[in-house]
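To start, the structure itself, in structure tokens.
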Amino acid sequence: MDFDRVESPVTVKAYLMCAFAAFAGMLFGYDSGYIASVLAMSEFKKAYGNPTTGTYTTSQKSLIVAILSCGTFFGALISGSLADRFGRRTTIIGGCVVFIGGVVVQVAHISITALVVGRLCAGVGVGFVSAVNILYMSEVAPRHVRGAIVSSYQFAITIGIMLASCVGYATQDRTDTGAFRIPIAIQFLWALVLIIGLLLLPESPRYFVKIGRLDKAMKALARVRGQPIESEYVLHELAEIQANFQYEQQLGEVSWLGCFSGSVFTGGTNARKVFIGVALQMFQQFTGINFIFYFNTTFFQQVGIRGPFLISMITTVVNVASTPVSFYTIERFGRRPLLIYGAIAMAVCEMVVACVGTALPNSEVANYCLITFVCLYVFFFASTWGPAAWVVIGEIFQLPIRSKGVALSTASNWFWNCIIAVVIPYMVDGSEGNEGLGVKVFFIWSGLCAACAIFAYLVVPESKGLTLEQVDRMMEEVSARRSGKWRARENWARDLGGIGGAHESIHMDPKKSSTSTASASEVMR
């Protein structure tokens, strides 16, 4: 059996169509990144801080940063149901519209209340986009480069963070509200570009299969693969997707509660997959990366580093330059090795920063060490955990629970993102006269990165080179540690009825396919 025939060959145009969806990462990246520079601006402190002291409190700082993640958490949870009801592409566009509304509120009025409400609203939009975009990209990307395509989402995030830092660096010395309003308002552009681009892209073929519209699924699949609609390759791939979905449907409709059915530790159960997705996104936040990108400028000011805006911008450039490394390594070496060895490397970098900073406080040596190893740490995150965590959650869920599973996993990312954003200012800065940890916080991040490596080794399966349908079978048959050696031995369309009549049934009676939910063999005949 030639298992390559279960997926169509792809043209360069089709690759570009898949990659464009990654532009959604710009919303997440820029919205997360601009706040680090804005919080350190003197004009922002005057406008939003105490008129007497000219600054804001630790609690205000915590709320301003964390509220975005709070909104994104709820947006990600809601997005699962919306993506199943209205489609992947439509939900992403809707998220962009909500995001634009949040930006309008932030720019229109200067007050802590307006800023918090605007970031909360924008966060809901980012939640829609971040969850459903991973779902969309995973469903349309070719399997042999799916990891690289989904990694480009993380690349877009890094570009967004870098651009936010560059804009903040350029406006920091303005003596009017443009210092912080310009960085906030530029977000309009990213949302508009994404909306226009998505209107030109097709809906996910797997979504059309899920709702029983095989005629539309075939047209969408032909577009994303760059093949004629009558291509035998398109028919083979569509038949494989449909037959697998029909098999899964025989097991019953999956509710939100059903996502937690089965054993958490063995087999291909829903509970195990949700556990992996939710825990993986939690551990991604436990690497401490958002401490760097949320609070780097104010933290560098606190430890006495000269040119904190410039150093902050340098870390974002390293982040951007490092992420494309994963485009090759994630397909060459797989997901598991990147997660395991990336976590170990980050733990070492953070331990060095903590040890040197503690032994030689307020010294030039400690500051140079901090800058150097923070940049190395950012390199290892951007080339491993940054993209790989998103790739894995896009691959491990079968079609009946895919939108819900990705939504739950993404919500976990934003939940822990929010917790970290709330807690870290108190840990690092201290409050009510209590001294904060300062650079010693890197001891905590180092220990958590070590836990990330252990989790990846014991729990995360290897899904490199498999179709989304094959990943499901692999997880049923082998443990995570043996998953790298698993090979496909079956073809769903062949085993459940054949594909010989697929071409005829879809073309001769396309309306019939819109209600096709009985079995794979009936669809193919």
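The values are calculated or read from the model by the stated rules, or taken from the named source; none is laboratory data. All figures in this text were calculated on a predicted structure; none of them were measured in a lab. No Cβ is skipped: glycine too gets one built from the backbone with ideal geometry, and neighbour counts run over all protein chains shown. Calculation scope for accessible area: heavy atoms of the full protein, side chains included, ligands and nucleic acids excluded. Shrake-Rupley method; radii C 1.70, N 1.55, O 1.52, S 1.80 Å.
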Phi to ³J(HN,Hα) by Karplus 6.51 cos²θ - 1.76 cosθ + 1.60 over the range 136-144, Hz, x for Gly, Pro: 4, 5, 5, 7, 9, 6, x, 5, 6
Ordering of 352-364, 444-456, 122-134 by packing [mean C-beta count within 10 Å, highest first]: 122-134, 444-456, 352-364
Rounded accessible area of PHE275 (nearest 10 Å², 1.4 Å probe): 80 Å²
Rounded to whole Hz, the Karplus (6.51, -1.76, 1.60) HN-Hα couplings of the range 191-205, x for glycine and proline: 5, 5, 4, 5, 4, 4, x, 5, 5, 8, 9, x, 6, 5, x
Loop-located trypsin sites (Lys or Arg not before Pro) in the range 292-382 whose Cβ has at most 10 other Cβ within 10 Å (DSSP): ARG306
Solvent-accessible area, 1.4 Å probe, carbon plus sulfur percent, for the chain: 65 percent
Average accessible area per residue (Å²) across the chain - probe 1.4 Å, nucleic acids and ligands excluded: 36 Å²
Residue (of ALA40, MET218, MET313) at the positive-pole extreme of the chain, dipole from beta-carbon charges: MET218
Ranked packing of 220-229, 205-214, 476-485, most packed first, by mean Cβ within 10 Å: 205-214, 220-229, 476-485
Stokes-Einstein diffusion coefficient of the range 151-309, Kirkwood radius over Cα pairs, 4 °C, 1.567 mPa s, in µm²/s: 63 µm²/s
Mean projected area in nm² (Cα convex hull; one quarter of hull surface) for the range 268-357: 7.4 nm²
Between the range 136-188 and the range 254-285, the Cα center-to-center distance that results, in Å: 30 Å
Label selected from [x] -0.50, -1.20; [y] -0.57, -1.44; [z] -0.75, -1.42, the criterion being log10 I(q)/I(0) by the Debye sum over Cα atoms at q = 0.08, 0.13 Å⁻¹ as computed here: [x]
Packing-based order for 314-321, 382-389, 19-26, using average beta carbon neighbours within 10 Å, highest first: 382-389, 19-26, 314-321
Net charge of neighbours whose Cβ lies under 14 Å from the Cβ of THR372, counting Lys and Arg as +1 and Asp and Glu as -1: -2
Fully extended contour minus Cα-Cα distance, from HIS109 to ARG481, at 0.36 nm per residue: 128.6 nm
Using a Förster distance of 22 Å, the FRET efficiency for LEU360-LEU310 (Cβ separation, nearest 0.05): 0.45
Low-density loop cleavage sites - GluC sites (Glu not before Pro) in the range 214-245, where at most 15 other Cβ are within 10 Å (DSSP): GLU230
Label-point separation in nm, MET427 to TRP256, each point 7 Å along Cα→Cβ: 2.9 nm
